[in-house]
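Down below is the structure, laid out as structure tokens.
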Amino acid sequence: MDERRLGVLSGLAAYSLWGLFPLYFPLLKPAGGLEIVAHRVLWSLLFIGLLLTAVRRWSHVRALVTDRRRLLVLTGAAVLIAANWLVFVYGVNSGHVVETSLGYFINPLVSVVLGVLVFSERLRPLQWGAVGIAAVAVAVLTVDYGRPPWIALTLALTFALYGLMKKIVRVEAAPGLFVETLLVAAPAIVVLAVLHGDGGGTFGHAGAGHAALLVGSGVATAIPLLLFAAAARRIPLSTVGLLQYLTPLMQLAIGVFVYEEPMPPVRLAGFAIVWVALAVFTADMLRHARATSRPPSAETVPAGL
């Protein structure tokens, strides 16, 4: 199998697994969001540690933890991705899967705005147009929900900021994820200790199957990210940018058709406006990539769920 095809298949597998997450996390009930995220941190830490041992990459981890600047940036990234996980789990388990999908639809547009604010990047006219159209969509959805779509906006902002941190400090997927989870492992242990001390922890008290699913959340966290890393090395980022929309499309379909969340006309109109914004954004990205004869500069980061 040639490298490009392998890259596409790896990308499809990564985004498909992320897209299925709304089916996985409800299985972890009666565990609450904090407990789920704490287990996700600790079990992914263990899984990535075993993987690093198998591939002999501990030297990469040592290089990260001894570099004060990169460690500081990764600390910020760890806090952001933990917050993203917590809001995502809350959204899915509280019946807001459709709104979580919106967050990952608008994430690329939030990322380009951050590029302007942080790196003083200049947006092309069509990119500004896409951002403006997305702002209209958020206003329409605010009217529909009767409140700003805070779950979607928080997911988009935390992950766009996480991507910004990873752009500042470029690291390999496995060592980077290990250090990030290591940095939030102590709070995760404290959360689980408090929950079990108060009798609110569910691990070991809701059956072996439930315990296995909590352990599996760590594997489910790591595998898609590693598949994404394999894809990003083999295919242009313009292709990755197109594949990324598979995740929110799957989540939207799960929210509407599996969990039967309402999709009134105003909400559907809001999503339609978002899709117009993304169409404009993607068309401009591909046109610019062809004009410059090189892939665009990564306006896309892994979905990171």
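Across the chain, the mean sequence separation of Cα contacts (distance under 8 Å, 6 or more residues apart), normalised by length, yields a relative contact order of 40 percent. What separates the Cα centres of the stretch 134-182 and the stretch 29-81 is a distance of 18 Å. What does a probe at Glu261 reach in the stretch 137-152, counting residues whose amide N is under 17 Å from the point 7 Å along Cα→Cβ? Answer for this model: 138-152. Close amide H partners of Gly201, meaning residues 5 or more places away or on another chain with modelled amide H under 5 Å apart, are His196.
Can you check what the Kirkwood hydrodynamic radius comes to for the stretch 5-100, Cα pairs only, in Å to one decimal?
15.7 Å
Computed extension gain for Arg5 through Thr292, at 0.36 nm per residue and net of the alpha carbon distance, reaches 101.0 nm.
Given the options Gly218, Gly209, Gly32, which has the most mean-square fluctuation in a GNM of the chain, springs set between C-alpha atoms less than 10 angstrom apart? Maximum among the listed residues: Gly209.
Hey, of [x] 16.9; [y] 21.4; [z] 16.0, which did the structure itself give for mean projected area of the Cα convex hull in nm² when calculated? Entry [x].
In this label model, Arg62 and Leu50 are separated by 2.4 nm, measuring between points 7 Å along each Cα→Cβ vector. Of the residues Tyr145, Tyr90, Tyr15, the one that moves most in a GNM of the chain with alpha-carbon contacts below 10 Å is Tyr145.
When the helices of the chain are scored as -39500 (n - 2.57) per DSSP H run of n ≥ 4 and the total is divided over every residue, the value at 222 nm lands at -26000 deg cm²/dmol. 3J(HN,Hα) couplings calculated from phi for the stretch 24-31 with the Karplus curve 6.51 cos²θ - 1.76 cosθ + 1.60 (θ = phi - 60°) are, in sequence order, 7, 5, x, 5, 8, 5, x, 5 Hz; Gly and Pro show x.
No value in this document is a laboratory result; all are computed from the given coordinates. Bear in mind that the values here come from a model prediction, so they are computed numbers and not experimental data. Reconstructed Cβ throughout: ideal geometry from the backbone, glycine too, with neighbour counts over all protein chains shown.
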